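Laboratory data are not the source of any read-out in this text; all were calculated from the coordinates shown. The structure displayed is predicted, hence computed values, not measured ones. Virtual Cβ from ideal backbone geometry, glycine too; neighbours counted across all protein chains shown.
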Amino acid sequence: MNGLTGNDVIHQYLRHNKKFPHVLCPGCGHGIVLGTLIRSIHALSIPKDDIVVVAGIGCSGRLAVYVDFNTVHTTHGRALTFATGIKMANPKLKVIALMGDGDALSIGGNHLIHAARRNIGVTALVLNNSIYGMTGGQSSPATPEGATTMTNPYGQLDKAFDTVELARGAGANYVARGTVFHVKKLEKIMIEALGRPGFSLVEAITPCHTQYGRKNKFKTPVDMYQWLKKSAIDVERYEELADDKREGRLPIGVFFRRDRNGYEERYYAMKEALTGKGAKGGRK
Amino acid sequence: MAHQKKGKSTVTVYPDWCKGCGICAEFCPSKVFEIGEHGKATVVREKDCIHCGFCELHCPDFAIVVRDKSPVAEMEDTAPDKPGAKKGA
Amino acid sequence: MKPQELDRFEIRFSGLGGQGIITLGKIMGQGLALGHGYNVTQTQSYGPEARGGSSKCDLVISSGRISYPKAESLDLLVALSQEACNAYYPYLKPGGALVIETELVGQQPTNRFLGLPFTALARDKVGVAQAMNTVVLGALSFLLPFVQQAIMRKTLETVLPAKIRAVNVKAFNLGHRLAKKEWGDDAGEVWRVEEGFGDD
Amino acid sequence: MPRRKKRKEIFALGNEAVVEGALLAGCSFYGGYPITPSSEIMEIMAARLPMTGDGVFMQMEDEIASMGAIVGASLAGRKVMTATSGPGFSLMQENLGYAIMAEAPLVLVNVMRGGPSTGLPTSPAQADVQQARWGTHGDHPIIVLSASDVQECLDMTITAFNMAEKYRTPVILLLDEVTAHTREKIEVPNEGEFEVFSRTVPSMPPEWYKPYEETVRGVPPMPPLGAGYRFHVTGLTHDRNGFPTQRPEEIVELLERIHRKIDQFFYDIQLVDEVQTTDADVVVIAYGSVARSAELAVHQARLNGVRAGLLKLKTLFPYPRRHTEKILGHARTLVVPEMNMGQMSREVKRVNMGRASVRTINRVDGQIVTPSEILKVIMQG
């Protein structure tokens, strides 16, 4: 649309006064997710000023600092609460919450449930690397059963959280999963998520070689991408598989779509009904 | 289709940004890259590039740029800033 | 009419949860504060005791600034249950007045009390037992020399929703009338202060 | 000042007066979670805010989320508030620290109740005084205000908003159950009769704006999110541009500035009321509802021939040192009655440095300190 392609586009959205390369480990998928997010925003032609990226704490939380949007790096697990306040204060803003799996599902699990229940018009991006990376590789709620971590040296005893089912049950409008290997699909998902009303959740599977892979038989970052390539399967095809064939497969794609109005739309509609005044515009 | 593109692209790796993770070298269908002696991705077979875009999409560090050989006319910042937004609050 | 000078006149309404004690205190407080122009503080018991069980609501009324907002030494105790009467009678000032619900307070701690069967009156004469608190309000509007009946009735009308306004005005008037009849014209004379006589 | 227009009188709860004050001050966003004895604030906000201009009311899933939501809304340009009590106040500490670091103005009302833990939900206490000062982790400045009667609940809420906006900082308003649940006649000031301060917004082009720049007042201007000033907000120690830093000189600059912006304006921030202190031998230092007991006690002591006075603290932190110093020029005895085991008396003793005798009166039984208890100690001299 403006002559630029590929990473030339991405470079237009990076903060040039920040130090690159970024802090993330070699081969970390988080950079790929960030690139995908940028391309999605670019594809939708959303002005930079209208984007607010609200990040939590952890490796994913560090991404916000690199992009030239309004960026808010919040406290651990609370990104969605800040995002909710921002969206309600100014519904014109496009609010994106960037969280890790520990961030979104463990310490912030309650906020995730209630953001989905309200169906607040926020796009939640959960970067799932199955581990607490920044703090040194402790178990997260997304760590697979049997995996070895710093806090589960004898193997994880519980099952990993099913983010999709959680969001479905809580009332989100849109839930999808992608991986950093299947980037074009992930981009398609993100573009749809950003364009929809209500609460959208995109789970991006992004491997952590440093803290997770090395302890779980993935010798190099490349091994983890090979694993993604091998195990991911379109959700439609996954549904057709017999139960015994599903073992070890990772369904990706759009799990469901609903069209309920976002909380902010319902709130401002209520206000309008009460006061006869139109919904508040942007505060510019 | 892809073969028709062969030899029509330039591939640049910014070594300062490359961390040498090896994703590009591993997955490039035309084996354009190798990890060089300094642990960075190096373009070794540029003429084989089919401009599939995989390396650009999958480079976690935004360190690879693939461009058409035909000169790009304009390179100015065309990212969509909101018109008139820079006026202050 | 210039309101009578008051220096910390303390009232406690007490009884059972569900008798409308807090509402009674709030309306009386509002009438005295906004209608009569006094300074008034109203405090009440909160918590489990406020939901069933006992209930209590205090008013401090003063012409000047009220420092301590709670009642300590009561000029008037309104006890609408035996338990409340037992609990709070010791806080009544010497010379203070005790008003009781005669059917619910069988054992009076003193012979000097003013009583009416408020609940029965509300039920039988007004037809709504829940209007009992308004009967009390009417009676007190007669008893307390610094309360003007018309202002208090106006407050009552302002505060209540239209649906129950008429019935409560009836209860209010009944309380006022019966207090005058049963307690006598000079029942509240102890508190009447002639102009220029009070030490303010 | 001549009054142009008669003020509206209302017979209101302390908690109700807080809402009146907040709305007069321009509060347009409330995020909260119900908890006794603060819930009336939330309930009344729920009824009022949707009816006002751009007012937003949100019941959040817990107190952590409440703070997150109001900090977010503050960054988006709103004047924001939450209210809580005891356990909820503890949960709010995390994001309170964030607001201090990000310099997001907000007002947090804590209606104190007995503790620790669930404690005495329906009884008064003043046991969160030091938590208000030091509750969130790390070295931080904070403004803590209090109110002793219903009129002050309204007035001090306006003051809290003004200070929050003026100094870009969270302001805590500490009430106690007695003040919050007393109903009293108060006057609602008319527009123009009180100051309303709103945060300074940048007036330079966005590319010149440094969100955490050093300024004369120590308070950088603050644009709402989405106004064209794209910058980074973080709870990490950051440089003038808002980006995380670990450089010692930048860390020191930031921490010194956020302290200095409050410390240097002590004369504007430290508010007290003095009753007959000028010649007093015995001065009661009190705050919240206990200050009302103290006022009566001081009055009674004077009738009994003792030169007593009251220093009522409306600002608890930064502690009004200069007012106390002045009194220490002549007072023999300071009496500090509190509904806790002695939290404010620590501050008084710190300033006193052995000059006067400091007598404490402490109640932790869910009852207000009565005038007679205070009078007894005053009379002992």
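Below 8 Å, C-alpha to C-alpha, sequence gap of six or more: please give me the relative contact order for region D:1-144 in percent.
On the way: 223 pairs, mean separation 30.3, N = 144.
Computed value for region D:1-144: 21 percent relative contact order.
To the nearest ten degrees, helix A:263-275 and the longest principal axis of the Cα atoms of chain A are 20 degrees apart.
What percent do you get for the relative contact order of chain A when only Cα pairs under 8 Å and 6+ apart count? Provide the component values of the computation, followed by the final result.
Values: 579 pairs, mean separation 49.8, N = 284.
Relative contact order for chain A comes out at 18 percent.
Put a dot 7 Å past the Cα of residue D:8, heading toward its Cβ, do the same for residue A:229, and the two dots end up 7.0 nm apart. Looking at the square roots a ≥ b ≥ c of the eigenvalues of the Cα gyration tensor of chain C, which shape do they give, rounded for a/c under 1.5, prolate if a/b is larger than b/c, or oblate? Here chain C falls in the rounded category. Considering only D:216, D:129, D:282, the Gaussian network model of chain D with Cα springs below 10 Å gives its largest mean-square fluctuation to D:216. Among the trypsin sites (Lys or Arg not before Pro) found in region A:1-43, those both in a DSSP coil and sparsely packed, with 16 or fewer other Cβ atoms within 10 Å of their Cβ, are A:18, A:19.
Look at the stretch C:61-68: the mean tally of other chain Cβ atoms within 10 Å of its residues' Cβ atoms is 5. Using R0 = 35 Å, the C-beta based FRET efficiency linking residue A:272 and residue D:204 works out to 0.45.
Using a simple spin-label model with pseudo-atoms 7 Å out from Cα toward Cβ, residue D:278 and residue C:162 lie 5.7 nm apart. Scalar couplings 3J(HN,Hα) for region A:192-208, obtained by applying the Karplus form with A = 6.51, B = -1.76, C = 1.60 to θ = phi - 60°, are 5, 4, 5, x, 9, x, x, 8, 10, 10, 10, 9, 9, 7, 9, x, 10 Hz; x denotes Gly and Pro.
Here the simple spin-label model places points 7 Å from the Cα toward Cβ, and for residue A:135 and residue C:107 these points are separated by 6.2 nm. Treating r as the C-beta distance of residue B:10 and residue A:249 and R0 as 45 Å, the FRET efficiency rounds to 0.70. Considering only D:285, D:358, D:304, and ranking their Cα positions along the charge dipole of region D:272-379 that arises from unit charges at the beta-carbon of Lys, Arg, Asp and Glu, the one farthest toward the positive end is D:358. Around the amide H of residue A:175, modelled in the peptide plane, lie the amide H atoms of A:201, A:255, A:256, all under 5 Å away and 5 or more residues distant in sequence or on another chain. Residues D:229, A:13, A:154, D:30, arranged from fewest to most other Cβ atoms within 10 angstrom of their Cβ, appear as A:154, A:13, D:229, D:30.
Which GluC sites (Glu not before Pro) does region D:171-224 hold that lie in a coil by DSSP with at most 16 other beta carbons within 10 Å?
For GluC sites (Glu not before Pro) across region D:171-224 that sit outside H, G, I, E and B with at most 16 neighbouring Cβ atoms in 10 Å, the list reads D:191, D:193, D:195, D:213, D:214.
Charge tally around residue A:116: other residues with Cβ under 13 Å, Lys/Arg +1 each, Asp/Glu -1 each, net +2. The mean number of Cβ atoms from other chains found within 10 Å of a Cβ in peptide A:23-30 is 4, as a whole number. Computed 3J(HN,Hα) for region D:8-21, one whole-Hz value per residue from the Karplus formula 6.51 cos²θ - 1.76 cosθ + 1.60 where θ = phi - 60°, is 6, 9, 10, 9, 10, 6, x, 4, 5, 5, 4, 5, 4, x, glycine and proline marked x. What is the distance in Å between the Cα centres of region D:198-269 and region A:12-69? Cα centroid of region D:198-269 versus Cα centroid of region A:12-69: 23 Å apart. Each of C:22, C:164 was scored by other Cβ atoms within 10 Å of its Cβ. Listed from fewest to most, they are C:164, C:22. Annotation: amide H of residue D:115 within the under-5 Å range of D:120, sequence separation 5 or more or interchain, hydrogens built in the peptide plane.
Residue by residue, region A:107-116 carries 3J(HN,Hα) couplings of 5, x, x, 5, 5, 5, 4, 7, 5, 5 Hz when phi is fed to the Karplus relation 6.51 cos²θ - 1.76 cosθ + 1.60 (θ = phi - 60°); x denotes Gly or Pro. Considering only lysines 8 or more places apart in sequence, or on different chains, count the pairs in region B:2-69 whose C-alpha atoms sit under 22 Å apart. Within region B:2-69, the lysine pair count is 15. Among D:29, D:145, D:127, which residue has its Cα positioned farthest towards the positive end of the charge dipole of region D:8-188, with +1 placed on the Cβ of Lys and Arg, -1 on the Cβ of Asp and Glu, and the dipole taken about the Cα centre? Result: D:29, furthest along the dipole toward the positive end. A Förster radius of 22 Å combined with the Cβ-Cβ distance from residue D:267 to residue D:240 puts the calculated FRET efficiency at roughly 0.20. For chain D, relative contact order (Cα pairs under 8 Å, six or more residues apart, normalised by length) works out to 16 percent.
Each part reduced to its alpha carbon centroid, region C:99-176 and region A:136-197 end up 66 Å apart.
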